[in-house]
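This report concerns only the one structure given below.
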Amino acid sequence: MSTNGISMALKLQFGLINYENRYLTAEAFGFKVNASGTSMKKKQIWTLEQDQDSQVVFLRSHLGRYLATDKDGKVSCEEEVPNTSCRFLLVTQSDGRWALQSEPYSRYFGGSAEYLSCFAQTIGESEQWAMHLALHPQASLLSASRKRYARLSTTDNELCMDSDIPWGVDSLITLVYLDGKYSLKTCDNRFLSNDGKLVMEHGPNTSFTLELKSGKLAFKDCEGKFLSPTGPTGTLKSGRCSRPGKDELFDLEESHPQVVFQAANKRYVSIRQGVSVSANQDDETDMETFQMEIDKDTKKCMFRTNGGNYWTLVTHGGILPTATEVEECTMFDIEWLGRRVALRASNGKYVCTKKNGQLAAVSDSLGEDEQFVLKLINRPILVLRGENGFVCHHKTSNTLDCSRSVYDIFSLLFSDGAYHIKSGNEKFWYVSSSGLVCTDGEKPEDFCFEFAEYGRVGIKGQNDKYLRGDQGGTLMGDGLSVDASSLWEH
């Protein structure tokens, strides 16, 4: 999938569900494939790669091997480099399901359990597969034709495709998966209907099947028409087309955390006045909002402005919002101090707030002037995914599962540098005396968020321990450090 230069487009990863409601599974032993998975875990996740010059697709397993078939319909998944036998065509059905046709042999892939083959000459029920996206469901939505992003217009009560950059909470889109279809949810918990209206209730008019064309997504409604931007502001609603053209195609781009900083002088860090980055404003606007972009290798952080520039260290420790490219002087280390954070610039000095409000990296030690409140503004609704799956309510208790292929959506409430997490039942998360994370608290409990790695956050409870997934798939609040089990896509 392409990128618009703001963020990377998300790789299309998904599970494939057959007519018996079982997932296509790639086993580690013998590189065998079957359709026996009851939920979408690592073995059931496939990555779509597209031949740029044609409609041919390749399906890559979690082991990095490619699905293939021979002329007799025998299916395997052990090729490390895709060859002719790995070439498939996607044939979309009227209900949104896919048929996979071998390009060299023109036969269709299907079956059940251990009995999979690619020998059917026609598409029957067993040759149809439903797609369940495996990527994190919170993203920015980019129109392929307009090169503009979706944003919530509260004045017009609609989603408009008119943003040059996905900025602020209004640009957050959450994909909700239910019964093989997807809904688009806005940051204020409303669903997009096919007539362009935003509604509180989920129903047939808010359910869309996903189709794929040239590596991009199209959303087909219950009447067989596709979402597209219309009019001068690009109002998102179903048009007349029953086949997706360029106007009906979209990219999902990853949504970086966007934050505001409050300095020790109780004012917000801003680029609104003067040339320096300064703590001199009393309200939060786009000019006080900064996008955190964490380098995958160094774990250092860059801060991007709504104009697309980065904070940069200049002579004598000054901080200016003028860098157009990522360099060493645009990278900052973040030190997580519970409800506060400190920033260390590339000169090894801490960033402090001077008497005139300007930020400068001139301090050798930590004091009050070197500490900031960091507030995440573009995740009022929270979906968490760990190394083994999504976080959702346990079916029969007040605890949380963290290895599921479905997710629950939680509310995130800011509280002076910490956060309260609220469940759908209006009760709050807390860590019990036995270390379990529970969801039926009458009073809110503080959790601190540490954006430790690219795309992932560590969450620390009041007991000073991190939330982690245990071997049995239960969310615990007893992690001693930030590692694979205690890092969460958000």
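So here's what we get for this one:
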{"read-out": "Alpha carbon Rg of the range 211-344, scaled by the compact-globule rule 2.2 N^0.38 Å", "value": "1.44"}
{"read-out": "DSSP-assigned coil residues among GluC sites (Glu not before Pro) in the range 54-145, each with at most 16 further Cβ atoms within 10 Å", "value": "80, 114"}
{"read-out": "Extended-chain gain in nm, criterion 0.36 nm per residue less alpha-carbon gap, residue 462 and residue 115", "value": "119.8 nm"}
{"read-out": "Added length on full extension, which subtracts the Cα-Cα distance from 0.36 nm per residue, residue 80 to residue 266", "value": "61.3 nm"}
{"read-out": "Filtered GluC sites (Glu not before Pro), the range 299-377: DSSP coil and at most 14 other beta carbons within 10 Å", "value": "325, 327"}
{"read-out": "Residue order for 94, 126, 193 - accessible surface, 1.4 angstrom probe, largest first", "value": "94, 126, 193"}
{"read-out": "Relative counts (whole %) of C-alpha pair distances in the range 203-243, using bins that are 10 Å wide", "value": "29, 54, 17"}
{"read-out": "Virtual spin-label span in nm between residue 106 and residue 29, 7 Å along Cα→Cβ", "value": "4.0"}
{"read-out": "Two-decimal Rg/Rh across the range 170-230, once Rg and the Kirkwood Rh are taken from alpha-carbon atoms", "value": "0.94"}
{"read-out": "Chain lengthening between residue 299 and residue 20 when straightened (0.36 nm per residue, less Cα-Cα)", "value": "96.1 nm"}
{"read-out": "Radius 11 Å from Cβ of residue 387, net charge of other residues (Lys, Arg +1; Asp, Glu -1)", "value": "+3"}
{"read-out": "FRET E, pair residue 432, residue 454, Förster distance 30 Å, beta-carbon r, rounded to 0.05", "value": "0.40"}
{"read-out": "Alpha-carbon centroids, the range 75-151 and the range 298-367: separation in whole Å", "value": "46"}
{"read-out": "Estimated FRET transfer efficiency (residue 347, residue 282; beta-carbon r; R0 30 Å; 0.05)", "value": "0.50"}
{"read-out": "P(r) weight above 19 Å for the range 6-160, C-alpha pairs, percent", "value": "57"}
{"read-out": "Per-q log10 I(q)/I(0), the range 50-136, q = 0.13 Å⁻¹ (Debye; single scatterer per alpha-carbon; no solvent)", "value": "-0.40"}
{"read-out": "Neighbour-limited loop hits for trypsin sites (Lys or Arg not before Pro), the range 378-442 (at most 12 other Cβ within 10 Å; DSSP other than H, G, I, E, B)", "value": "395"}
{"read-out": "Cα-based equivalent ellipsoid, the range 340-418: semi-axes from gyration tensor eigenvalues, Å", "value": "39, 14, 10"}
{"read-out": "Aspartates and glutamates with Cα under 13 Å of residue 71, excluding same-chain neighbours fewer than 8 positions away", "value": "103"}
{"read-out": "Globularity ratio of the range 275-361, using Cα Rg and 2.2 N^0.38 Å", "value": "1.03"}
{"read-out": "FRET efficiency for residue 56 and residue 241, using Cβ-Cβ distance with R0 set to 22 Å, rounded to 0.05", "value": "0.35"}
{"read-out": "Sorted peptide list for 170-183, 256-269, criterion being average Cβ within 10 angstrom, highest first", "value": "256-269, 170-183"}
{"read-out": "Selected from 409, 323, 362, residue furthest toward positive end of dipole (the chain; charges at beta carbon)", "value": "409"}
{"read-out": "Mean projection area, nm², convex hull over Cα of the chain", "value": "24.4"}
{"read-out": "Calculated Rg and Dmax of the range 353-480 using C-alpha coordinates, Å", "value": "16.7, 56"}
{"read-out": "Relative contact order %, the chain, counting alpha carbon pairs below 8 Å whose residues are six or more apart", "value": "9"}
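The values are calculated or read from the model by the stated rules, or taken from the named source; none is laboratory data. Since we're looking at a predicted model, the values are computed, not measured. Quick reminder, even Gly has a Cβ in these numbers, built from the backbone with ideal geometry, and neighbours come from all protein chains shown. For accessibility, only protein heavy atoms count, side chains too; no ligands or nucleic acids. Shrake-Rupley method; radii C 1.70, N 1.55, O 1.52, S 1.80 Å.
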